[in-house]
1. Pop the C-beta distance of Leu106 and Leu36 into the FRET formula with R0 = 30 Å and round what comes out to the nearest 0.05.
2. Using the 2.2 N^0.38 Å rule of thumb for compact globular proteins, work out how region 83-141 stacks up: its C-alpha Rg over that value, please.
3. Over region 3-152, what percent of the accessible surface lies on carbon and sulfur atoms, probe 1.4 Å?
4. Any chance you could run the full-extension gain for His63 through Ser170? It's 0.36 nm times the residue separation minus the Cα-Cα distance, nm to one decimal.
5. Could you rank Met213, Met1 by how accessible they are, 1.4 Å probe, largest area first?
6. Placing +1 at every Lys and Arg Cβ and -1 at every Asp and Glu Cβ, with all other atoms neutral, what dipole size does region 207-255 have around its Cα centre, in debye to the nearest 20?
7. Sum -39500 (n - 2.57) across every DSSP H segment of at least 4 residues in the chain, then divide by the residue count to get the 222 nm mean residue ellipticity, nearest 500.
8. Å³ per residue of the Cα convex hull, for region 3-152?
Amino acid sequence: MTVSVRVPATSANLGTGFDALGLALSLHNTVTLKPLPAGAADPARAATADESLPVAAYEHVCHAHGIEPLTVHAKVTGDVPSSRGLGSSATCIVGGVLAADALHGLGLGADELVRLATDVEGHPDNVAPALLGGVVVSAVSDGRVHSLPVGLPAGGELDLLLAVPDHPVSTEAARAALPAQVPHADAVHNAARSALLVASLATGRWELLGEAMDDRLHQPYRAGLVPGVTEILALARSSGSAGACVSGAGPSLLVVAPGPDTAARLTEHLAGHPWGWQLLHLPLDPTGARVVGPRPA
């Protein structure tokens, strides 16, 4: 059968939760894996990067569980732009992992799915919320991945605004901008605020998000990759939003709980910006990735 998986975009490195905290967005890609007849040519040789990632994830699941992988063709469609800090590669990987689970009837649990996806992605802060939905905090220890959803209080739905430019920034360039070491004071600063961020989200104390999202580990070093990013984030905060940060490795920017004038002020400010920004008003995706289209081949 052919399997289709609908996977949400994500915003990782959430505030001060560098490589640890992410959330799922109501913006989706659909990853479709179609088994090919025995002896068919390997489609991966001609695949794009987006098409090869689901195949690699599918094959990783098979090998991890002692299964001979089928020759499959992958197709990725949807609205998640690549190289914008919205987890497009994670949608491809999660789609491949869930398709493997469905195609071979493995019945894998959430922890194993997150671990397998992390094996391919390299870190869990995108794949965990893409799989589980909502806000998720993750840590890796000795090959094990510990991921826990951060339950928001009843009635405490997050209102999210994404500023997305038409210019990509590669993850490699964003990683290269980071220093090998950071001052101890900055590490302490982030440790305290990342804990405050999780507590603020869990209790609905949105008024603390601005302080809790004040990052010193990656945003200051990546600010130069996007012209005017520091000013844009400052404007988002000063226009009544609870907090704002770089989304993932950038260049997109996430605004949490925007004020009533935030979108209008950002639209006016970005109108003359050379990067062609658009604003997306998105809710959380609370459910995460789902198999949506198994059907006979």
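1. On the way: r = 20 Å, r/R0 = 0.68.
Approximately 0.90, to the nearest 0.05.
2. 1.07
3. 49
4. 35.6 nm
5. Ranking Met213, Met1 by accessible area, largest first, yields Met1, Met213.
6. Working: 3 positive and 5 negative charges, 34 e Å.
Result for region 207-255 is approximately 160 debye, rounded to the nearest 20.
7. Numbers: 10 runs with 106 residues, N = 297.
Theoretical 222 nm ellipticity from helices: -10500 deg cm²/dmol.
8. Cα convex hull per residue, to the nearest whole number: 104 Å³.
The values are calculated or read from the model by the stated rules, or taken from the named source; none is laboratory data. These numbers come from a predicted model, not from an experiment. Counting neighbours? That spans all protein chains shown, and the Cβs are built from the backbone with ideal geometry, glycine included. When the accessible area is computed, the model is the full protein with side chains, heavy atoms only, and any ligands, DNA or RNA have been set aside. Shrake-Rupley method; radii C 1.70, N 1.55, O 1.52, S 1.80 Å.
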